[in-house]
Amino acid sequence: MPYIQAEGAKLYYEEAGSGDPIVFVHEFADDLRGWELQMRYFSRSYRCIAYNARGFEPSEVPSDPALYSQDIATDDIAAVLRGLDIEKAHIVGCSMGAFAALHFGMRYPEMALSLVVAGCGYGAEKGKGDDFSAEVAQFATSFIEKGMAEVGTPYSLGPTRVQFQNKDARGFAEFQERFLGHSAQGTGLTMGGVQAKRPSLYDLEDELRKLTIPTLLVVGDEEEPCLETNLFLKRTISSSGLLIIPRTGHAANLEEPAMFNGAVAEFLAKVDHDSWGLRDPRSVSSSSLVAAPAKS
């Protein structure tokens, strides 16, 4: 099995295709197998790499809680690129992976060709951070003490997952089987070290305003915990565009793969042709009818 050495853990990865590199960063409730429909599609034109985060076998599952954090998850993307001798790549992340992709853009802008940030925003809503952290910390302990089947089954049927189950029962069953097969220890340590302690995106507004890497934000219109946050990100990141997919919950890459792949392919084509620029500042106006004055 191929592995890359990161700080305190070896990370398992798979790759396919050739061309400019794309690194896929998975969500909390899945692993690199959740990107299979994207690996098959984009490897026709790109070198595609997907890896399992620390805590997700066959990557290593460190027992030290200090080896799980948002900063470390971000650094792991850089470790993957360095381990494969890649100077710059398109970074595509979902949920937990989307947070890591966004932080990667802020911390390692010289290594990012573009960012696709899908399903990002859980726990970031203003005034809800403490409640989210407390709930997540409780879940983290429960995963370790009670196991994946007891805790993971209701988690996998959350309010932003039922849309997938309703649309594609077979695909949902495969997703659920992957999730329930994860390490309970790795799952709990990841949730306790990453989700429970990561900073609110609203507290990173100054850093986000400096971000000029081409960024595509993707969210389902039934991802209630993420909608307002993605509007905030769209208004804050001048290089971003926002795609809202109708009648869709979490993990749009699984739930609506054709729409997701098509939108990402069009975005990457614009980035590749240097035609994805910054937002025209005239569109940010105090008037609904008159554009803001052009800056000299």
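The values are calculated or read from the model by the stated rules, or taken from the named source; none is laboratory data. Keep in mind that this is a model prediction, so the values were computed, not measured. Don't worry about glycine lacking a Cβ; one is built from the backbone with ideal geometry, like all the others, and counts go over all protein chains shown.
A compact table of results
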quantity	calculated
Filter result for Leu102 (in a helix (DSSP H, G or I), surrounded by 19 or more Cβ atoms within 10 Å (Cβ to Cβ) and not small (Gly, Ala, Ser))	yes
Inter-residue pairs, beta-carbon under 7 Å, first without any contact (Cβ under 8 Å) to a residue 40 or more places away in the chain and in segment 124-148, second assigned to a helix (DSSP H, G or I) and hydroxyl-bearing (Ser, Thr, Tyr), 6+ apart	Met148/Thr187
Residue match in segment 217-234 (condition: in a loop (DSSP other than H, G, I, E, B), hydrophobic (A, V, I, L, M, F, W, C) and either on the phi > 0 side of the Ramachandran plot or buried (at least 24 other Cβ atoms within 10 Å of the Cβ) (or both))	no
Lone unmet requirement of (1) among the hydrophobic types (A, V, I, L, M, F, W, C); (2) over 19 Å from the mean Cα position of the chain (by Cα); (3) crowded, with 17+ Cβ neighbours inside 10 Å; (4) under 29 Å from Ala263 (Cβ atoms) for Phe56	(2)
Gly188 being farther than 21 Å from Ala252 by Cα and assigned to a helix (DSSP H, G or I)	yes
Qualifying positions in segment 141-172 - charged (D, E, K, R) and surrounded by fewer than 17 Cβ atoms within 10 Å (Cβ to Cβ)	Glu145, Lys146, Glu150, Lys167, Asp168, Arg170
Checklist (1) modelled with pLDDT under 95; (2) buried (at least 20 other Cβ atoms within 10 Å of the Cβ); (3) among the hydroxyl-bearing types (Ser, Thr, Tyr) applied to Thr190, failing item	(1)
Yes/no for Leu211 being at pLDDT 95 or above, assigned to a loop (DSSP other than H, G, I, E, B) and touching a Gly at 6+ places or on another chain (Cβ under 9 Å)	yes
Matching residues, segment 14-40, being surrounded by fewer than 20 Cβ atoms within 10 Å (Cβ to Cβ) and not small (Gly, Ala, Ser)	Glu14, Glu15, Asp20, Arg33, Glu36, Leu37, Arg40
Residue selected from segment 60-75 under the condition touching a strand residue (DSSP E or B) at 6+ places or on another chain (Cβ under 9 Å) and either within 19 Å of Ala140 (Cβ to Cβ) or without any contact (Cβ under 8 Å) to a residue 24 or more places away in the chain (or both), by the criterion surrounded by the most Cβ atoms within 10 Å (Cβ to Cβ)	Ala73
Residue count, segment 25-59 (criterion: assigned to a loop (DSSP other than H, G, I, E, B) and either farther than 26 Å from Arg198 by Cβ or free of Cβ contacts under 8 Å to residues at least 24 places away in the same chain (or both))	4
Members of segment 1-13 that are out of contact with any Lys or Arg (no Cβ under 9 Å at 6 or more places or on another chain) and outside any loop (DSSP other than H, G, I, E, B)	Gln5, Tyr12, Tyr13
